[in-house]
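As structure tokens, the structure follows; a few thoughts come after it.
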Amino acid sequence: MDKVNKKKTFQEINEIIDTYCTDCFLKKHFRDEYGKSYAHSFCIKQCTVGQMIKKYGEKLS
């Protein structure tokens, strides 16, 4: 992946995080109730937004 496409991909990931993850109620709830690791795991494995971010990350590899 060239430098321009990487930069665009990072911008798209940041946009998604700013739009959906910054004030996410579920993330906050799981972090408070079960801890940071559980909340992170939930976001990656079960949240549709997290799965979308993961796909963008795979493009970068």
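When the helices in the chain are scored as -39500 (n - 2.57) per DSSP H run of 4 or longer and the sum is shared across all residues, what 222 nm value do you end up with, to the nearest 500 deg cm²/dmol? Don't skip to the answer; put the middle values down first.
Working: 4 runs with 47 residues, N = 61.
Calculated mean residue ellipticity at 222 nm is -24000 deg cm²/dmol.
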**Prompt:** Can you tell which of Ile44, Leu60, Gln11 lies farthest toward the positive end of the dipole of the chain, using +1 and -1 charges on the Cβ of basic and acidic side chains (Lys, Arg; Asp, Glu)?
**Reply:** Leu60
**Request:** Report which label in (1) 48, 13, 5; (2) 25, 12, 8; (3) 26, 19, 10 holds the value of semi-axes √(5λ) of the Cα gyration tensor in Å derived from the coordinates of this structure.
**Result:** (2)
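Using the crude model of +1 on Lys and Arg Cβ and -1 on Asp and Glu Cβ, and no other charge, please compute the dipole size for the chain relative to its Cα centre, in debye to 20. Can you show the working numbers first?
Numbers: 12 positive and 8 negative charges, 52 e Å.
Dipole magnitude for the chain comes out near 240 debye.
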**Complete:** Phi angles of the stretch 15-26, converted by Karplus (6.51 cos²θ - 1.76 cosθ + 1.60, θ = phi - 60°) into ³J(HN,Hα) in whole Hz with x for Gly and Pro, give 4, 4, 4, 4, 6, 10, 9, 4, 10, 5, 5, 5
**Request:** Summarise the accessible area of the chain (1.4 Å probe, protein heavy atoms) by the percent that is carbon and sulfur.
**Result:** 53
**Complete:** If one compares the long axis through the Cα atoms of helix 36-45 with the longest principal axis of the Cα atoms of the chain, the angle in degrees, nearest 10, works out at 50
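The values are calculated or read from the model by the stated rules, or taken from the named source; none is laboratory data. Quantities reported herein were computed from a predicted structural model and do not represent experimental measurements. A quick note on method: Cβ atoms are made from the backbone with ideal geometry, for glycine too, and the neighbour counts reach across all protein chains shown. Note: accessible area is taken over every heavy atom of the protein model, side chains too, but ligands, DNA and RNA are not part of it. Shrake-Rupley method; radii C 1.70, N 1.55, O 1.52, S 1.80 Å.
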